[in-house]
Amino acid sequence: MFNFWGSKDQQQGQSRPQEASSQSPWYPPSLVSSPSSSRPQTSGQIGANVSPGEAAGIIAFLKDKSVDELRKLLSDKDAYQQFLLSLDQVKIQNNIKDELRRETLQLARENLEKEPQIMELRNQCRIIRTTELAAAQEKLNELERQKEEILKFYSPGSLLHKLQEAMNQVDEESEALQEKFLEKEIDTVAFVQKYKKLRTTYHRRALIHLAAKTSNI
């Protein structure tokens, strides 16, 4: 007998998808377009962090699967997890994650191996700060003191004072030489030569002293 549109078998066939959809499938919320939908998202609905090429690759994996296999992915957590781990994109990400973990562990081991050396360097720095640095600081202070003395010795005021003392010394020598001449302790020729030399030195120094006082110095 032919089955008509309103037959019992057709009604049962139409009720099966509803029964299947009434089950509680397991899959991430990102695979549905709304809370009431049990269908995976299409490529246009995949998260913004998935490129069109990656989305096309995932769809290529899904298009050859049967309806039962797709339903199993939506309802079976283990089946979905196994399918997810079989994707090339997930494999690449897992490989990168494993590589980063290995590199991090290697760096941590190297840092732990260098810890004794780091402690030794810290101790050396502490010794340098307490001994060699203190000696260097003391020497620096001594050099600073010497520099201040040298600058003070060669300051304009100090030089003028020394030049004035040199003038006075030559002037005193001239007077002493003149007294010797008056007391007949030196002849005329020797007196003239020495006295002329002393007075020339005196006047040269006097001119330098006067020029220094009147200059910007």
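The values are calculated or read from the model by the stated rules, or taken from the named source; none is laboratory data. Values in this document were obtained by computation on a predicted structure and should not be read as measured data. Neighbour counts are summed over all protein chains in view; Cβ atoms, including those assigned to glycine, are modelled from backbone coordinates with ideal geometry. Heads up: the accessible areas ignore ligands, DNA and RNA and are worked out on the full protein's heavy atoms, side chains in. Shrake-Rupley method; radii C 1.70, N 1.55, O 1.52, S 1.80 Å.
Some observations on this one:
- Two-site FRET efficiency, K97 against K63, from Cβ-Cβ distance with R₀ of 25 Å, rounded to 0.05: 0.30
- The range 154-217: chymotrypsin sites (Phe, Trp or Tyr not before Pro) in DSSP loop, at most 15 other beta carbons within 10 Å: Y154
- Take the Cα of D78, step 7 Å toward its Cβ, do the same at M119, and the gap between the two points is 5.0 nm.
- Counting protein heavy atoms only, the range 155-215 has 56 percent of its accessible area on carbon and sulfur, 1.4 angstrom probe.
- Spatial extent of the range 143-196: Rg and Dmax, with the Cα atoms as the point set, Å: 18.2, 55
- Over the range 155-215, Cα pairs under 8 Å with separation of 6+ residues give a relative contact order of 48 percent.
- For the range 78-154: rounded, prolate or oblate by the Cα gyration tensor [a/c cutoff 1.5]: prolate
- Extension reserve of the F153-R199 stretch, reckoned as 0.36 nm per residue once the Cα distance is removed: 13.9 nm
- Too-long pairs where the Cα-Cα distance tops 24 Å, listed order kept, from K114/K139; K91/K114; K162/K213; K180/K213: K114/K139; K91/K114; K180/K213
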